[in-house]
Amino acid sequence: MKGVMFDFSGTLFRVESTAEWLDGVLADAGQVLGAAERAGLVRRLEWFGALPGGVAPSEVPAGLQELVDTRDLTPELHRAAYTGLTRAAELPDGVSAEHLYDRHMSPSAWAPYPDAGPTLRELRRRGIPVAVVSNIGWDLRPVFREHGLDPLVDAYLLSYELGAQKPDPRIFLAGCEALGLAPQDVLMVGDHLEADGGATALGCAFHQVPHLPVAERPAALSPLLDLLPS
């Protein structure tokens with residue numbers, strides 16, 4: 001392997017928990033919910049998968065499935081899909097779906113996995129180019145800049161900028177072209193077997209990591225270094 005493509009959410013970074021997400025918005029609004037009401041709202045938000053990058057939905061409300069399926073193609077679709085899922089959780093007065101949506105795009109809402117920085121720095125030391133390939137409806141570059149990892153990324157391939165989302169081969173091909181490498185020389189690293197593993201259709205190798213909270217996944221990226229030239 002001569003280059004690496006990484007997924008973003010659940011691979012290099014993980015978004016804050018649903019409870020932290022809600023608490024941040026409540027604090028900004030100066031609003032307090034009772035313990036039972038707060039716990040119930042967290043459960044409903046998770047049931048509908050309202051937090052981008054968080055828990056996958058257990059139920060998609062009627063009329064939202066097409067939006068959910070195409071959400072990563074434009075910023076407008078992404079916002080509409082997730083604010084729709086959020087409203088389905090029956091928000092109390094004073095809690096805004098738009099405010100919740102906006103918070104998840106804040107760099108402070110995301111934390112890198114413990115071995116993300118060390119792995120990217122080692123790849124840079126070895127001269128191995130890196131691309132981030134993400135299904136997303138907003139610009140994630142500020143997240144990398146905030147956490148000091150942007151200088152370690154050579155290219156960003158974002159679905160909303162390309163008009164194609166994984167596992168569409170076009171987004172992986174664009175990643176390989178950005179790295180200046182043939183697909184068979186590129187390793188794709190991601191947490192989703194179908195979406196990220198779709199790179200294998202082009203001839204890329206694939207390394208899967210588990211989508212877990214940051215504290216529960218200290219060293220899933222480090223082993224990929226053994227697959228790459230030193």
Selection count, segment 56-99, where residues are in a helix (DSSP H, G or I) and over 17 Å from Leu140 (Cα atoms): 17
Test: residue in segment 70-84 that is acidic (Asp, Glu), under 24 Å from Leu158 (Cα atoms), in contact with a helix residue (DSSP H, G or I) (Cβ under 7 Å, 6 or more places away or on another chain) and free of Cβ contacts under 8 Å to residues at least 24 places away in the same chain: no
Selection status of Leu73, open to solvent by 50 Å² or more (accessible area, probe 1.4 Å) and touching a Gly at 6+ places or on another chain (Cβ under 7 Å): yes
Given (1) part of a helix (DSSP H, G or I); (2) among the basic types (Lys, Arg); (3) touching a residue at least 12 places away in the same chain (Cβ under 8 Å), index of the condition Lys166 fails: (1)
Lone unmet requirement of (1) surrounded by 18 or more Cβ atoms within 10 Å (Cβ to Cβ); (2) within 24 Å of Val68 (Cα to Cα) for Glu161: (1)
Filtered residues of segment 102-136 (kept if over 20 Å from Pro213 (Cβ atoms) and without any contact (Cβ under 8 Å) to a residue 24 or more places away in the chain): Asp102, Arg125, Gly127
Conditions (1) under 15 Å from the mean Cα position of the chain (by Cα); (2) hydroxyl-bearing (Ser, Thr, Tyr); (3) under 13 Å from Leu12 (Cα atoms): number failed by Thr119: (1)
Selection from segment 137-146 of residues that are open to solvent by less than 10 Å² (accessible area, probe 1.4 Å), touching a residue at least 24 places away in the same chain (Cβ under 8 Å) and either of a type in the set (Phe, Trp, Tyr) or part of a loop (DSSP other than H, G, I, E, B) (or both): Gly137, Leu140
Selection status of Leu224, out of contact with any Asp or Glu (no Cβ under 9 Å at 6 or more places or on another chain), closer than 20 Å to Tyr113 by Cβ and either part of a helix (DSSP H, G or I) or open to solvent by less than 40 Å² (accessible area, probe 1.4 Å) (or both): yes
All positions within segment 105-124 that are assigned to a helix (DSSP H, G or I) and either touching a Leu at 6+ places or on another chain (Cβ under 6 Å) or farther than 12 Å from Glu16 by Cβ (or both): Ala116, Gly117, Pro118, Thr119, Leu120, Arg121, Glu122, Leu123, Arg124
Residue match in segment 190-208 (condition: touching a residue at least 24 places away in the same chain (Cβ under 8 Å), small (Gly, Ala, Ser), open to solvent by 40 Å² or more (accessible area, probe 1.4 Å) and assigned to a loop (DSSP other than H, G, I, E, B)): no
From the options Val15, Val60, Val32, residue that is in contact with a Leu (Cβ under 8 Å, 6 or more places away or on another chain) and buried (at least 20 other Cβ atoms within 10 Å of the Cβ): Val15
Candidate set: segment 35-55, residues that are open to solvent by 40 Å² or more (accessible area, probe 1.4 Å) and not in a loop (DSSP other than H, G, I, E, B); chosen: the one nearest to Val214 (Cα to Cα): Glu46
Failed item, numbered, when Val4 is tested on (1) surrounded by fewer than 19 Cβ atoms within 10 Å (Cβ to Cβ); (2) touching a strand residue (DSSP E or B) at 6+ places or on another chain (Cβ under 7 Å): (1)
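The values are calculated or read from the model by the stated rules, or taken from the named source; none is laboratory data. Just so it is clear, the structure is predicted and the values come from calculations on it, not from any experiment. Glycine gets a Cβ as well: all are built from the backbone with ideal geometry, and neighbour counts include every protein chain shown. Ligands, DNA and RNA are stripped out before the accessible areas are found, and what is left, the full protein with its side chains, is counted by its heavy atoms. Shrake-Rupley method; radii C 1.70, N 1.55, O 1.52, S 1.80 Å.
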